[in-house]
């Protein structure tokens with residue numbers, strides 16, 4: 001199943017090499033969002049991380065508040081807020097405020113937390129994180145609807161808790177739950193009728209789990225009498241495109257090695273290739289995890305995801321800084337110009353108009369010729385009349 005108006009955006013962790021000035025890197029992230037807004041991208045999801053030095057946005061809400069002031073159209077999301085790290089009442093209050101400050105241009109992406117090093121520093125057992133996420137979601141949903149909640153768990157307590165503000169977005173701010181290979185995210189999203197955010201959609205495990213994650217999602221929604229829509233399902237994957245495959249491969253030599261090293265040495269996530277003697281860029285391409293090539297390659301990747309998943313609502317490019325700033329911006333521009341329109345109704349009328357003009361070309365050409373000849377004949381008549 002495909003839709004004529006697929007949405008597009010980015011998932012900004014972000015990833016910044018240790019050699020970079022972090023102040024300048026964050027400023028560049030804001031500049032990137034401004035550029036994406038100009039290019040017509042639909043979404044920018046902003047990450048939350050607290051350790052390992054590479055993913056340096058600690059508060060997606062702070063970043064979104066700043067970025068919203070610089071943009072006009074793009075919709076933001078927390079990508080994602082790590083629920084075990086926050087008292088749910090305080091987090092709900094911040095998101096509600098952001099819903100008002102952005103005039104509804106924010107979604108609330110949630111998850112258990114991605115980096116084990118983050119949880120370790122806060123004394124959180126990784127085995128408990130998914131259960132903590134589920135407990136938090138159970139109170140976040142009614143809080144964000146403006147309801148009063150009383151609940152006590154092993155790690156938070158709410159006593160007649162109610163937010164001061166009613167939601168700007170009715171009936172509540174859009175929520176989505178992160179999902180990779182584990183079924184926890186799909187089960188939670190389906191149970192509460194929330195959106196689904198498949199962060200590792202293109203790595204081997206995540207790609208294989210797409211269909212099963214949707215089955216779990218839809219099944220839990222049916223059990224709890226929730227309505228879910230594939231348009232609320234977002235898939236994430238890395239892309240870098242250029243005018244040629246050779247140019248794209250040359251571009252990513254700038255920063256790919258540092259990104260791969262981060263995932264192999266610090267992030268504790270099996271995302272980057274780890275095959276001795278194999279070029280990492282080629283390994284990413286061959287595995288299907290990443291597009292490093294042309295607009296046509298990106299189109300094929302999205303079609304591949306549509307076939308595997310059965311259909312989804314938005315594709316988010318994993319922002320990675322594999323190329324330098326100029327080539328990174330060029331890649332996003334090429335995607336907006338040549339990839340996105342293939343999955344949207346943007347050019348339906350233009351294409352139909354061109355086809356109609358082409359089919360009637362001879363008729364119109366004859367009409368123009370007739371008009372020209374008529375003017376020639378009129379001139380001749382005037383000349384002879386004198």
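The values are calculated or read from the model by the stated rules, or taken from the named source; none is laboratory data. In this text, all values refer to a predicted model and were calculated from it rather than measured experimentally. Neighbour counts run over all protein chains shown; Cβ positions are idealised from the backbone, glycine included.
The single condition from (1) surrounded by 16 or more Cβ atoms within 10 Å (Cβ to Cβ); (2) in a loop (DSSP other than H, G, I, E, B); (3) touching a residue at least 24 places away in the same chain (Cβ under 8 Å) that residue 243 fails is (1). Does residue 248 satisfy the condition of being at negative phi, out of contact with any helix residue (DSSP H, G or I) (no Cβ under 6 Å at 6 or more places or on another chain) and assigned by TED's automatic domain parsing to the domain that holds residue 54? Yes.
Residue 248 falls short on exactly one of the conditions (1) touching a residue at least 12 places away in the same chain (Cβ under 8 Å); (2) over 23 Å from residue 339 (Cβ atoms), and that condition is (2). Considering (1) surrounded by 17 or more Cβ atoms within 10 Å (Cβ to Cβ); (2) touching a helix residue (DSSP H, G or I) at 6+ places or on another chain (Cβ under 6 Å); (3) more than 21 Å from residue 183 (Cβ to Cβ), the lone condition that residue 153 does not fulfil carries the number (1). Restricting the range 254-265 to residues that are surrounded by fewer than 21 Cβ atoms within 10 Å (Cβ to Cβ) and touching a helix residue (DSSP H, G or I) at 6+ places or on another chain (Cβ under 8 Å) leaves a set whose member that is nearest to residue 211 (Cα to Cα) is 260. Could you tell me whether any residue of the range 103-112 is in contact (Cβ under 8 Å) with a residue 60 or more places away in the chain, farther than 30 Å from residue 159 by Cβ and crowded, with 19+ Cβ neighbours inside 10 Å? For the range 103-112, residues in contact (Cβ under 8 Å) with a residue 60 or more places away in the chain, farther than 30 Å from residue 159 by Cβ and crowded, with 19+ Cβ neighbours inside 10 Å: absent.
Exactly one residue out of 335, 315 is surrounded by 14 or more Cβ atoms within 10 Å (Cβ to Cβ) and not in a helix (DSSP H, G or I), and it is 315.
Go through the range 181-212 and give me each residue that's over 22 Å from residue 223 (Cα atoms) and in a loop (DSSP other than H, G, I, E, B).
Correct list: 199, 200, 201, 202, 203.
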